[in-house]
1. For B:Arg17, place a label point 7 Å from Cα along the Cα-to-Cβ direction in every copy; what are the distances to the other copies, in nm, shortest first?
2. Please rank B:Lys303, A:Lys84, B:Lys69, fewest neighbouring Cβ atoms within 10 Å first, as an exposure proxy.
3. Using Cβ counts within 10 Å as a stand-in for footprinting exposure, how do B:Ser64, B:Ser21, B:Ser91 rank, fewest first?
4. What lysines does A:Lys69 reach when the alpha-carbon gap must be under 21 Å and sequence neighbours fewer than 8 apart in one chain are set aside?
5. Where the label is 7 Å out from Cα toward Cβ, how close does A:Asp262 come to the same position in every other copy, in nm, shortest first?
6. Ratio of Rg to Rh for the range A:228-293, alpha carbon only, Kirkwood?
7. Of B:Ser205, B:His250, B:Ser190, which is farthest on the positive side of the dipole of the range B:155-313, counting Cα position, with +1 on Lys and Arg Cβ, -1 on Asp and Glu Cβ, and the Cα centre as origin?
8. May I ask for the equivalent-ellipsoid semi-axes of the range B:126-195, computed as the square root of five times each C-alpha gyration tensor eigenvalue and listed largest first in whole Å?
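Throughout, read-outs are computed from the coordinates displayed, never taken from laboratory work. Owing to the predicted nature of the structure, the values given are computational and were not obtained by experimental measurement. All Cβ positions, glycine included, derive from the backbone under ideal geometry; neighbour counts span all protein chains shown.
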Number of protein chains: 2
Amino acid sequence: VSSAKGEFALIDRIRRRAGSSSSQVATGIGDDMAWLKLAEGNVLVSCDLLLDGVHFETGRHDPSMIGRKAVACSLSDIAAMAAKPVGAVVSVALPTCWSIEQAEQLHHGAIEIGEAHGCPIVGGDTTSWDRGLAINITAMATPDGIGPILRSAARVGDDILVTGRLGGSRLGRHLNFEPRISEARDLAASGGIHAMIDISDGISSDLAHICFESGLGAVLERSALENVISDAARQMAAKDGRSPLEHALHDGEDFELLMATDVELLPTLQATRNVPDCGLHRLGQFRSETGIEIRESDGRLSKVEPRGWRHFQ
Amino acid sequence: VSSAKGEFALIDRIRRRAGSSSSQVATGIGDDMAWLKLAEGNVLVSCDLLLDGVHFETGRHDPSMIGRKAVACSLSDIAAMAAKPVGAVVSVALPTCWSIEQAEQLHHGAIEIGEAHGCPIVGGDTTSWDRGLAINITAMATPDGIGPILRSAARVGDDILVTGRLGGSRLGRHLNFEPRISEARDLAASGGIHAMIDISDGISSDLAHICFESGLGAVLERSALENVISDAARQMAAKDGRSPLEHALHDGEDFELLMATDVELLPTLQATRNVPDCGLHRLGQFRSETGIEIRESDGRLSKVEPRGWRHFQ
């Protein structure tokens, strides 16, 4: 794909594959900009840049899985706002040594996961260079009657809830996770969710983000944390000597939802459509005093430092 | 910026610098997605990924000029639709050897050119790796009562018009050009512009894009082309032995506007506000027969092959 002709042919093939039937896409790939026709003027936008050796490894991950992960990460941002996907644009810096087929597989992976969540690929930019693969996704969404749920509206006394289980995603989940869009929509629609984020950097960092934006602190219960440690976190801990809890707190790329909710809402939310499959657990409570601490079973408090951990660095 | 703490501090500083007073930005940097409140549901989106060694060279270009160029390229896409900027998101892959100051300068360059054209930076993603600098801009715009002008609506017999002069942008213009947003808005508002593109790959390629999308061909007049050759194209030709015309046709990154217009509209459009400063020239005509040819002064026709040319590769 180092020739202009090769790039043109590639884009033409991607364009035919990505063709969307969405009534919201007036003009997709093939012009200077994509043209979306939305029912509302509220538009949400996020971008995620994924890099070889940081978020994936071209040496051992399929191009289609890399393309899938890139779009899934952006869909997870949309879930974090409880929003509804509209479309995404894909920018790729291809290594010059890649074949057209590899580039096409990358885009197919991106297109497929997008389609599965109602998020067509509506535009892009493809270039090649002699460095590593880089892929940026910019996703657009609308509130469509719900939210958006921000990071900044957690309240003192709110419960800290999380979907699924945490840690060890490097063993596979970071590539094949399903973004929690339908769960987020259902949870937010039932009311009482004040703030939300998706867990990309690890719960220690992502909880800190909600705390920072809301001007609060938080206390996590040790016994509750034990309940959300994933099997993968335990597997990794058995090998590297770090504790399963450390993996659950700091690994990142769980792409689960972390939220601040009205107290005593847990049973209602646990019964919400789509949620029983992934599970919903209470981890603790927001407080006015800043900083994040863990309360041990004997009542002692110990500080948690946010530690964003990068998988392949 | 290799530590999570460093990135957090950087983002905090960028956030304070980027803070926008635009009433369209409900939530900017600091949440999972930016939240825009637009007066209409028509939204235009484009993305541009700029790479070290392809679109700029970190060894000799200032970080602020690189950030400026990245956003200016996206603003040029907005100009090509005759649209009005709303905001942009910036994703950056920083080389691990860069200092926080360099990263900040990059963002300041991006923020400043955005502000100059009413396009605040509303979000981003910053990561570091041990490869080259990569920067992706996704820009959003609205038609706001004009257009959008697509590539696909040129008609047989339409004039081919271009703003400014072409070729040799590598000598400096590719970095410091001013995107033609106001010119595009004024031209489109006066009516009679059927199709438009900005010249990023070179007129040979970008005219081919309009032809392809509109199902047409084109004839360029040799004498008219001579009139739009830039001084920089002549300077480069004097050094490398290629002709000034070749530079004007294939160099790319002129970021001028190329359009298909109603015939006999040239004098009216030339007098349009903002246009006299940059100049507007007629280069030829669209035809039904596909392919692009140049008509020499003696009437002979010669084929032009699209040749996307990358500056630093």
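1. 3.8
2. Numbers: B:Lys303 8, A:Lys84 20, B:Lys69 26.
The fewest-first ordering by Cβ neighbours comes to B:Lys303, A:Lys84, B:Lys69.
3. Working: B:Ser64 19, B:Ser21 6, B:Ser91 27.
Result, fewest neighbours first: B:Ser21, B:Ser64, B:Ser91.
4. Qualifying lysines at Cα under 21 Å: A:Lys84.
5. 6.0
6. Working: Rg = 14.4 Å, Rh = 14.1 Å.
That ratio equals 1.02.
7. About the Cα centre, the residue reaching furthest to the positive side is B:His250.
8. On the way: eigenvalues 192, 68, 32 Å².
Calculated on Cα positions only, the semi-axes equal 31, 18, 13 Å.
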